[in-house]
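Working notes for the structure below.
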Amino acid sequence: MAEKTKTTELKEHIMMTEPKGVKALSKEEISKADEFCIGYKRFLDNSPIEREAVRYTVELAKKEGFVEYDSEAKYSAGDRVYYINRDKAVALAVIGKNGVKDGAKLAIAHIDSPRIDLKPNPLYEANNLALFKTHYYGGLKKYQWTTLPLSLHGSVVKLDGTRVDVNWGDAEDESCFCITDILPHLAQEQVKQPLAKAIAGEDLNVLVGSRPYDTEDEESDLVKLNVMHILNKKYGIIEGDFLSAELCLVPTFKSKDVGFDSSMIGGYGHDDKVCAYPAVMAAVNAKVPECTCITYLTDKEETGSDGNTGMQSDFLRYFIYDLAKQDGVEGYRALSKSTCLSADVNAAFDPTYASAYESKNSSYLNNGVVISKYTGHGGKYDTSEASAEFMGKVRTMLEKNDILWQVGELGKVDGGGGGTIAKYVANMNVDVVDLGVPVLSMHAPFEIVSKTDVYMAYRAFSAFFDTKF
Ligand code: MN
Ligand code: MN
C-alpha cells in the first residue's frame, strides 16, 4: 500500500469522511441486528394500533419483571414498573440509584400510525353493497389505501358499559375488507386530477358485505342488516354502539424481509413502532441505571399530539412529579434536569425521488440512527431545536459507543416538512433531540427500514440510558 500523503492525513483528521454504512459493522454486529429484528417484526405484526401496541408491550414487560405502577408504593433502585395511560399510551420505568433527583432519562416514541378510522355512524347500504364511511387518520396519500386488503381493529363500548375488542381480517382463513377504486378504462377524469384530489376523503368507503339477510320478508337494507347481524352474533354489538367505538382499518399483511439479501423489512406502521420497540427493549434490558430511565410510548402523534393520550397531555409530567415526590425533590426540578431522545423516524433519501431531498443533510438507509437537530418546516417553524451543548453530548455518546449514526433533515428547506413530539417535551423544560430510524415510503401502507438501523436505534437508546450527561 502506498504511504498516505500529508494532505490525506490532514483530510482524515479534520474533514468528515463518507459514511461507511454497513461496511463499518462486523459480521457479528450484523447478525445481532438480524436477530434483534426477529423480535421487532413480532412486535410490529402484533401492534397495528396503539391499544394493541400497549397490550403487547405490557405483556413483554411483565415477562421481564415489570409490575404495574402504584403511586402509593415506595420504589428503590432497580425496580421496574409500567404505567398505562387509558390503554393507548404506556410508560416503562427502571428506577435509578439517584431516582429522578438529577432528572430522568426519557426515550419517547409514538405507537399510532396513519390508517383509516370508521366514522361514528359508519354502516350503510348502497346498490346492495354494505359499506363503511371512514375518516382517515394522520397524513396519508389516499390513493395508496385503495384496493388493499384491510383488517378491522379496535374496541367497542356497549350501552351496559362493557368493552369488546375487535380484531377481524388478519388470520389466513378470515375475510378482510377493501376500499375500491375505479377501473382505468373509466378513470379518464380521475387521472387528470392532481394526486391529492384524485381520491377524496369521502371516497374512502370500505366494502364490508354483499349478501342480504336471509328472510322472506320484504324489507329494505337487508345487506346492511346481514352485516349488523353477523357483528351482533360475534361481538354482541348493535348499530348504535358504533358511536362509542374506536375502530380502525389497517393493512392485513404481516411484515416481510425485503431484498435478495433480506437486509430490509417492509411492513405497516414502522413509523413509529420501529423506534418504539428498540426503546422498549432498551428499558427492558437496563440493569440498575444512575438516573431513572423511562421509555414512554405515546399516542396521537400523527394528528398533532393533542388529547390526553398525546404528548401534549400532562400524563408523563405527572408521572415524573410522582417519582420526584418520592425522592423528596420538586417535580419541576426533576423535569428541568431531565434529558430526552425523541425517538421518531426520519425520511430516508430515496434515489427515485432525489429532487425532494438535499443530499448533504439527508439520512440514508443503512447509515445508522439519524439525529435531527430540528424538524418543522421552512424558516424552522413548529420545532424545538436541540442546543449545540445537548447535540454535543449525544454525539459524544454515540461516538464513544461505536454506534453508527448520521445527521438528517427532512427534505429540502422549502419543500414541506413535519414535526415530532420533541417540541412538547422541550416545552416541559427538558433537553431533547430527535433520534430515530430512517424510513423509505414513510406513511405508506408498506414502509421500509434497514435491519442494521433498527439495531443501532436499540444501541443508541441503551447507551443513552447508561450514560451520565
Ligand atoms: Mn413518527
Ligand atoms: Mn408519521
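The values are calculated or read from the model by the stated rules, or taken from the named source; none is laboratory data. Keep in mind that what you see is a predicted model, and the values were worked out from it rather than measured. Virtual Cβ from ideal backbone geometry, glycine too; neighbours counted across all protein chains shown.
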- So which residues in the stretch 30-54 are without any contact (Cβ under 8 Å) to a residue 12 or more places away in the chain and either surrounded by 14 or more Cβ atoms within 10 Å (Cβ to Cβ) or among the charged types (D, E, K, R) (or both), if there are any at all? GLU35, ARG42, ASN46
- So ASP382 clears everything in (1) within 16 Å of ligand 1 (Cβ to nearest atom); (2) buried (at least 17 other Cβ atoms within 10 Å of the Cβ) except one condition, right? Which one? (2)
- Within the stretch 125-148, restricting attention to residues that are more than 16 Å from ligand 1 (Cβ to nearest atom) and surrounded by fewer than 14 Cβ atoms within 10 Å (Cβ to Cβ), which residue is nearest to the chain's Cα centre (by Cα)? HIS135
- Does the stretch 326-335 contain any residue that is within 21 Å of TYR374 (Cα to Cα) and either within 16 Å of ligand 1 (Cβ to nearest atom) or over 25 Å from the mean Cα position of the chain (by Cα) (or both)? no
- Confirm whether ALA93 is in a strand (DSSP E or B), under 18 Å from TYR56 (Cα atoms) and of a type in the set (Gly, Ala, Ser). yes
- Item | In the stretch 278-308, the residues that are of a type outside the set (Gly, Ala, Ser) and within 16 Å of ligand 2 (Cβ to nearest atom) | LEU297, THR298, ASP299, LYS300, GLU301, GLU302, THR303, ASP306
- Return the total of residues in the stretch 446-469 being in a loop (DSSP other than H, G, I, E, B) and either surrounded by 24 or more Cβ atoms within 10 Å (Cβ to Cβ) or β-branched (Val, Ile, Thr) (or both). 1
- Pairs where the first residue, in the stretch 98-114, is outside any strand (DSSP E or B) and the second is among the hydrophobic types (A, V, I, L, M, F, W, C) and within 16 Å of ligand 2 (Cβ to nearest atom), C-beta under 6 Å, 6+ apart: ILE111/ALA53; ILE111/ALA276; ILE111/LEU297; PRO114/LEU140
- Tell me, yes or no, whether the stretch 58-80 has at least one residue that is assigned to a strand (DSSP E or B), assigned by TED's automatic domain parsing to the domain that holds ALA457 and out of contact with any Gly (no Cβ under 6 Å at 6 or more places or on another chain). yes
- Taking GLY21, is it on the phi > 0 side of the Ramachandran plot and crowded, with 18+ Cβ neighbours inside 10 Å? no
- Task: Please specify each residue of the stretch 336-358 satisfying the condition of being away from ligand 1 (no atom under 16 Å from the Cβ), of a type in the set (Ser, Thr, Tyr) and within 25 Å of the chain's Cα centre (by Cα).
- Result: SER338, THR339, THR352, TYR353, TYR357
- Query: Can you tell me which residues in the stretch 333-364 are assigned to a strand (DSSP E or B), closer than 18 Å to GLY376 by Cβ and within 16 Å of ligand 2 (Cβ to nearest atom)?
  - Reply: SER342, ASN346, ALA347, SER363
